[in-house]
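In what follows, a single structure is set out as structure tokens and then discussed.
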Amino acid sequence: MSQIAFITGATSGFGAACARRFAAHGWRLIVCGRRQDRLEALRAELAATVPVHAVALDVRDEAAVNAAVAALPADFAEVDLLVNNAGLALGLEPAHRCPMDDWQRMVDTNIKGLLYCTHAILPGMVVRDRGHIVNIGSVAGNYPYPGGNVYGATKAFVRQFSLNLRADLLGTRVRVTNIEPGMAETEFSLVRFKGESDQSAKVYAGTQPLQAEDIADAVYWAATRPAHVNINTLEVMPVCQAFAPFAISRAG
Ligand code: NDP
Ligand code: 8X3
């Protein structure tokens, strides 16, 4: 039987591109996200190619995550690949001007949501001695930038959690990968700037950013290495993006 991928945040961006990429290679899909209409459209699009199980799910709701995993139909229950992709950044203000609610939503989604999905699915992988967790981190977890305060910190958590999972899973055949994208044109900036499309468009103006399909390529590549190969981390940037020098204040 074909392999099963469980993809969170499949209603947009990287998650939707991953769903299409894995479907094109015959994987059965479990696709999640909060927007029911998007999920249904994706399910309708891909169901002609592969079996698709769509679950409207807010990853911040631990009980809902557990219930969704417990209720997987038998032919979707043995998940081979979990793509922990659902996530968001909110705002680009310095820390002292950020609403606490934004910080809480990023922690609840990017950290706690990823933990709930992992906690629900990983034990089955260990019992089957087969599986792969691909987390979507970010370059923001590796390099600080102004306004990245809590968003970058959540992605640093994802990086370290991924590496620590590898440590715990030694001796099993369960693999863990952290994919760390740089600037990619998805709905990410629209969400970050709370629907301000002019502000979001400026992020990508005059650049050639990564596309969602570039990251789907990376996820698919990591997931399809020979079984004895684990890609620990994979950092991917567009050519137009690099690093800033140290910033120096001369204010005295
Ligand atoms: P998008 O905004 O296009 O997609 C985000 C996805 O996450 C949507 O499908 C959204 O679905 C889902 N999502 C958000 N919150 C929740 C929630 N509480 N429960 C379930 N699903 C949720 O952005 P990207 O595709 O760019 O982002 C995907 C991941 O990649 C994120 O983790 C992001 O941090 C990371 N990333 C993005 C980069 C970029 O530059 N674009 C670079 C590096 C990392 P819905 O709203 O329907 O729930
Ligand atoms: C998103 C990449 O550089 O906008 O994780 O923080 S960045």
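The values are calculated or read from the model by the stated rules, or taken from the named source; none is laboratory data. Bear in mind that the values here come from a model prediction, so they are computed numbers and not experimental data. Here the Cβ positions follow ideal geometry from the backbone for every residue, glycine too, while neighbour counts run over all protein chains shown. Just so you know, the surface numbers come from the protein's heavy atoms only, side chains and all, with ligands and any DNA or RNA stripped out. Shrake-Rupley method; radii C 1.70, N 1.55, O 1.52, S 1.80 Å.
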Bins of 10 Å, starting at 0 and running to the largest distance - Cα pair percent for the chain: 7, 31, 37, 18, 5, 1, 0
Would you mind calculating the relative contact order of segment 135-252 from Cα pairs under 8 angstrom and at least 6 residues apart, reporting the percent as a whole number? 29 percent
Sequence-distant lysines (8 or more away, or on other chains) whose Cα lies within less than 19 Å of LYS155: LYS112
The chain, helix-only ellipticity at 222 nm - DSSP H runs n ≥ 4, -39,500 (n - 2.57), divided by all residues, nearest 500: -12000 deg cm²/dmol
Given charges of +1 on the Cβ of Lys and Arg and -1 on the Cβ of Asp and Glu, with all other atoms neutral, how large is the dipole of the chain about its Cα centre, in debye to the nearest 20? 380 debye
Accessible area of segment 4-236 with a 1.4 Å probe: how many percent of it is carbon plus sulfur? 54 percent
Roughly how many Å is it from the Cα centre of segment 127-175 to that of segment 1-30, as a whole number? 20 Å
With every protein chain left in place, what is the accessible area per residue of segment 4-236 in square angstrom, probe 1.4 Å? 45 Å²
Which trypsin sites (Lys or Arg not before Pro) does segment 159-252 hold that lie in a coil by DSSP with at most 10 other beta carbons within 10 Å? ARG250
20 °C / 1.002 mPa s Stokes-Einstein diffusion coefficient of segment 171-252, Kirkwood radius on C-alpha pairs, µm²/s: 139 µm²/s
Determine ³J(HN,Hα), in whole Hz, for all residues of segment 168-176 in sequence, where each value follows from phi through the Karplus function 6.51 cos²θ - 1.76 cosθ + 1.60 and θ = phi - 60°; x replaces Gly and Pro. 5, 8, 4, x, 9, 9, 8, 9, 9
